[in-house]
Amino acid sequence: MQNFKLISPLDMHLHLREGEMLETVAPLSAETFAGAVIMPNLITPVDSENRLLEYEKAVREAIRPHTFEPFMTLFFKKYDRDFLQRVKDKIIGIKLYPAGITTNSESGIKSIEEAAPTFSAMQELKIPLLVHGETDGFVMERESEFIAIYRKLAQTYPRLKIVMEHITTQAAVDFLDRYENIFATVTLQHVLITLDDVAGGLLRPHLFCKPIAKRPEDRDALLQAALHAHPKLMFGSDSAPHPIDKKESCGCAAGVFTAPIALQVLVGLFEKHGCLDNLQNFISNNAQKIYGIVPPHKVIHFKKENYTVPQKIGEVVPMFASEELAWSVDNFQH
Ligand code: DOR
Ligand code: ZN
């Protein structure tokens, strides 16, 4: 096959940041994706109506003139029902971070129990709950330990849509089928790499992210679920740009920058495994059904022609920097 196309690809988990970084990275997603779920963990989190509207405006300005829908989120805190009622049409969901678990999450939640009234109101108002599901346990076990919390949430709020963000384990893949109201996103790096790629040889800071990449059997389970477009699984890149001096430093920031190359890599990966027919569901249709959204119509053409990934984009090093990919975006096709 030499040509391939995707209709309205969606990135259901994306970090765009603010200021200069936003200006640099937003157009890269907006060129090839039809929309994305925009994460709220800015240095000052997006946790008020004002912050939300302000940030949405900045994002819309940064993506111009591309056709791209930013699906906004709020940073989880104890919101009351009146507030949620007022903002519910302006957001796709609310993102919960356990306090201190990752970048800019210091004001996250300390105890799930105290958030019960907010979960009830979200369930009633049909606002999805997006979760960074890691405990503060041993780094390799954080996600599997969190499954017990997902179970409690899924049982206590059976009509609340719960999205396990950026899953990294076989346990999370298995858990998808246990409860009707449980869904998940998976990143590009987690279907490709294991901890060995990050720290098995020389340390590779640009592959370091939270949750950390796990074991080969975890990676394989995630890859199979993606390749078969498990109907409860969506692509969410978790593309998380950090300037080079924050990555190549003592105290490396967590995040892999994949937005500019994710689609080309996915086309190559699905082709290699003979699963190209499933990519449309994984990249867009599943998310449309799960969230009940209709993204802008946008057709992205790909051609089988080598593409050399830039070494740096602005101050950020993308995944596969300086490497050759087998597929490139060809949006000038007739
Ligand atoms: O690696 C990560 N980077 N994981 C997260 O949860 C947050 C993200 C970021 O914002 O940099
Ligand atoms: Zn994230």
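Rule-based calculations on the coordinates, nothing more; no lab input. Source: prediction; values computed, not measured. Because the Cβ atoms are built from the backbone with ideal geometry, glycine has one as well, and the counts that use them run over all protein chains shown.
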Checklist entry - By the gyration tensor of its Cα atoms, with a ≥ b ≥ c the square roots of the eigenvalues, what is the shape of the chain: rounded for a/c under 1.5, prolate for a/b over b/c, or oblate? => result rounded
Checklist entry - Using unit Cβ charges (K, R positive; D, E negative) and no other charged atoms, how large, in debye to the nearest 20, is the dipole of the chain about its Cα centre? => result 660
Checklist entry - Relative to the first principal axis of the alpha-carbon coordinates of the chain, what is the inclination of helix 216-227, with its axis defined by its Cα atoms, in degrees from 0 to 90 and to the nearest 10? => result 80
Checklist outcome for this item: Going fewest to most other Cβ atoms within 10 Å around each Cβ, LEU53, LEU269 line up as LEU53, LEU269
Checklist entry - When the Cα centres of the stretch 289-334 and the stretch 99-143 are compared, how far apart do they sit, in Å? => result 32
Next on the checklist: How tilted is helix 116-125 with respect to the longest principal axis of the chain? Cα atoms for both, answer in degrees (0 to 90, nearest 10).
Outcome noted: 70
Item to check | Inter-label distance, nm, simple model (7 Å from Cα along the C-beta direction), HIS273/SER322 | outcome: 2.9
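Can you check what the Kirkwood hydrodynamic radius comes to for the stretch 12-151, Cα pairs only, in Å to one decimal?
15.8
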Next on the checklist: Neighbour counts of other C-beta atoms within 10 Å: give me CYS250, CYS209 arranged from fewest to most.
Outcome noted: CYS250, CYS209
Next on the checklist: Apply the a/c threshold of 1.5 to the C-alpha gyration tensor of the stretch 58-126 and tell me whether it is rounded, prolate or oblate.
Outcome noted: oblate
Checklist entry - Size of the dipole of the stretch 154-267 about the Cα centre, Lys and Arg at +1 and Asp and Glu at -1 on the beta carbon, nothing else charged, in debye to 20? => result 240
Item to check | Long pairs among LYS77/LYS126; LYS152/LYS247; LYS5/LYS126; LYS232/LYS298, criterion Cα-Cα beyond 28 Å | outcome: LYS152/LYS247; LYS5/LYS126
Checklist entry - Which order do PHE33, PHE119 fall in if you start with the one that has the fewest other Cβ atoms within 10 Å? => result PHE119, PHE33
Checklist entry - Got a sec? Charge dipole of the chain, +1 on Cβ for Lys and Arg, -1 for Asp and Glu; which of THR308, MET319, ILE43 is way out at the positive end? => result ILE43
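What does the charge add up to near LYS312, with Lys and Arg as +1, Asp and Glu as -1, over the other residues with Cβ less than 13 Å from its Cβ?
Its environment carries a net charge of -2.
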Checklist entry - Excluding same-chain residues fewer than 8 positions from LYS78, which aspartates and glutamates have a Cα within less than 13 Å of its Cα? => result ASP47, GLU113, GLU114
Checklist entry - Which whole-number percent gives the relative contact order of the stretch 10-261, counting Cα pairs below 8 Å spaced six or more residues apart? => result 18
Checklist outcome for this item: Between the Cα axis of helix 142-156 and the main Cα principal axis of the chain, the angle (0 to 90°, nearest 10) is 50
Checklist entry - Mind checking which aspartates and glutamates have their C-alpha under 15 Å from LYS304, skipping anything on the same chain fewer than 8 residues away? => result GLU271, GLU324, ASP330
Item to check | Helix-derived mean residue ellipticity, 222 nm - over the chain, DSSP H n ≥ 4, -39500 (n - 2.57), to 500 | outcome: -9500 deg cm²/dmol
Item to check | Positive-pole candidate from ILE112, VAL198, LEU263, dipole of the chain, charges at beta carbon | outcome: ILE112
Checklist outcome for this item: With +1 at each Lys and Arg Cβ and -1 at each Asp and Glu Cβ, the charge dipole magnitude of the stretch 1-117 around its Cα centre, to the nearest 20 debye, comes out at 220
